Amino acid sequence: MKKTMMGNYAASWGAQLSRVQVIAAYPITPQTLIVEKLSDIVADGELKAKFIKVESEHSAMAACIGASSTGARAYTATSAQGLALMHEMLHWAGLARLPIVMANVNRAMAPGWSIWADQNDSLSQRDTGWMSIFSSSAQDILDSTIISYKVSEKVLLPTLISFDAFFLSHTVEVVDMPEQELVDKFLPPYKPEYKMDVNDPRSFGALTDEQYYYEFRYKMQEAMDQAIDVIKETCREYEEITGRHYDLIHAYRCEDADMIMVTSGTIAETTNVTVDTLREEGHKVGNLQIRYIRPYPKKDILAAIGGAKKLAVIDRNISPGYSGIFSQELKSALYNEIDIPVRSYIAGLGGRDVKIEDIKDIAYNALEHDEPNDLIWKGVKK
């Protein structure tokens, strides 16, 4: 069934199709529409779930942690300062190995006060033990929500699904919604081996010392490593029932490319169109979209790069004092593996539009220079 909907509503419908049982809701622009839509869905009886209105984002994640600990399928959504306020609880959810799924509408961190797109909010949470996806379309958001519950419940790690404010959250697209019966077969009810149960008392999150804490982190890393194959397997299963292909990365026209641009989020979609234009001009250019940054798909990235002679990373984020974050991750992955120059570009911070012409300028600059660089700001007003 095809419907036209905003990216935010795609997140809401993805949660409904996943039959979430507990929704913790706190409004923050540009995420608010996600939980508002879910409140309507629950109020209309279309989804049997507990809708909890909390007083802060910190409490929203605390509610999800409590719900997931009892074996319920939990969901929430946030943006920017709200995600930052959750930071403490994100660590708790990750180390507690709770398969919560959360949408984060990428919004620039304040100050200056902003409601527009920027990836620094979710990238600031890289080390909390959450799997992390950057979606590039409304269809991607809906499908990733369903897929993420199955993956999270297999490896026992939470998942953060991020997508660009307004460029995607409030843009209407055609979305193919799978039938509920199909999703139910793909994603059966969550039945954890261990949960809070008054009839079978256990201790969760108790004080531990160095004799055991070390192993908790080891097992979390093991789960992240295992998640690579679980994600691939789950995406294949989803493709079989929907015909839609997903993976940790998406390589577009990279097979014979001399220069590959590396992107994420909605910039990736625009870059695909730009690649077609550059190919018509005779430039052998490709686009490598990074969908998952945790777990980091190092082997897939190295395989996709193939025989390319140079890479150009476009980051809608910045780690102040160094460079773009996707660029840092890529350079780390390449170290001692492939000797290839990487050129790093910053674009679109705070919701600045990144157009085909901007990406072409970046591509021309990368094509003209063979040496690596640390950072180039595209379109900054000096």
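The values are calculated or read from the model by the stated rules, or taken from the named source; none is laboratory data. Computed from a predicted structure; not experimentally measured. We place every Cβ from the backbone using ideal geometry, glycine too, and count neighbours over all the protein chains shown.
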I'd like to know if the range 117-137 contains one or more residues that are among the β-branched types (Val, Ile, Thr) and closer than 22 Å to residue 53 by Cβ. no
Of the residues 168, 182, 207, which single one is more than 21 Å from the chain's Cα centre (by Cα) and assigned to a loop (DSSP other than H, G, I, E, B)? 207
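Taking the options 191, 195, 154, name whichever one is outside any loop (DSSP other than H, G, I, E, B) and basic (Lys, Arg). Even if it seems obvious, please write down each step before you answer.
Numbers: 191 fails: outside any loop (DSSP other than H, G, I, E, B); 195 fails: outside any loop (DSSP other than H, G, I, E, B).
The unique qualifying residue is 154.
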Members of the range 187-196 that are touching a residue at least 40 places away in the same chain (Cβ under 8 Å) and surrounded by 12 or more Cβ atoms within 10 Å (Cβ to Cβ): 187, 190, 192, 195, 196
List pairs: first in the range 198-222 and under 24 Å from residue 130 (Cβ atoms) and touching a residue at least 40 places away in the same chain (Cβ under 8 Å), second aromatic (Phe, Trp, Tyr) and outside any loop (DSSP other than H, G, I, E, B), Cβ under 8 Å, 6+ apart or cross-chain? 205/92
Taking the condition of being out of contact with any Ser or Thr (no Cβ under 9 Å at 6 or more places or on another chain) and among the basic types (Lys, Arg), how many residues in the range 299-338 meet it? 3
Step by step: first the residues of the range 351-382, then only those that are β-branched (Val, Ile, Thr) and under 24 Å from the mean Cα position of the chain (by Cα), then the one that is surrounded by the most Cβ atoms within 10 Å (Cβ to Cβ). Which residue is that? 359
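Table: residues versus (1) within 30 Å of residue 200 (Cα to Cα); (2) of a type in the set (Lys, Arg); (3) within 19 Å of the chain's Cα centre (by Cα).
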site	(1), (2), (3)
51	yes, no, no
57	no, no, yes
63	yes, no, no
84	no, no, yes
94	yes, no, yes
98	yes, no, yes
With the structure loaded, tell me whether residue 61 is touching a Cys at 6+ places or on another chain (Cβ under 8 Å) and buried (at least 21 other Cβ atoms within 10 Å of the Cβ) or whether it fails that test. no
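Using the structure shown, decide if residue 359 is among the β-branched types (Val, Ile, Thr), part of a helix (DSSP H, G or I) and under 24 Å from residue 107 (Cβ atoms). Break it down stepwise before answering.
On the way: among the β-branched types (Val, Ile, Thr): yes; part of a helix (DSSP H, G or I): yes; under 24 Å from residue 107 (Cβ atoms): yes.
Yes: the conditions hold for residue 359.
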Every pair of residues 6+ apart whose Cβ atoms lie under 7 Å, when the first sits in the range 97-115 and is on the phi > 0 side of the Ramachandran plot while the second is at pLDDT 95 or above: 97/156; 97/157
The condition from (1) outside any helix (DSSP H, G or I); (2) crowded, with 24+ Cβ neighbours inside 10 Å that residue 115 misses is numbered (2)
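Confirm whether residue 226 is in the same structural domain as residue 126 (by TED's automatic domain parsing) and either more than 26 Å from residue 171 (Cα to Cα) or at pLDDT 95 or above (or both). Steps first, answer last, please.
On the way: in the same structural domain as residue 126 (by TED's automatic domain parsing): yes; either more than 26 Å from residue 171 (Cα to Cα) or at pLDDT 95 or above (or both): yes.
Yes, satisfied.
Would you call residue 43 modelled with pLDDT of 95 or more, of a type in the set (Gly, Ala, Ser) and surrounded by fewer than 19 Cβ atoms within 10 Å (Cβ to Cβ)?
Yes; evaluated as a whole, the condition is true for this residue.
Would you point out which residue out of 230, 262, 285 is β-branched (Val, Ile, Thr) and closer than 30 Å to residue 69 by Cβ?
Numbers: 262 fails: closer than 30 Å to residue 69 by Cβ; 285 fails: closer than 30 Å to residue 69 by Cβ.
The unique qualifying residue is 230.
Please list, ordered by residue number, the strands (runs of 3 or more DSSP E) wholly in the range 238-350 having 3 or more residues that are of a type outside the set (A, V, I, L, M, F, W, C) and surrounded by 22 or more Cβ atoms within 10 Å (Cβ to Cβ).
On the way: elements: 249-252, 259-263, 285-290, 292-294, 310-315, 342-346.
Ranges flagged: 285-290, 342-346.
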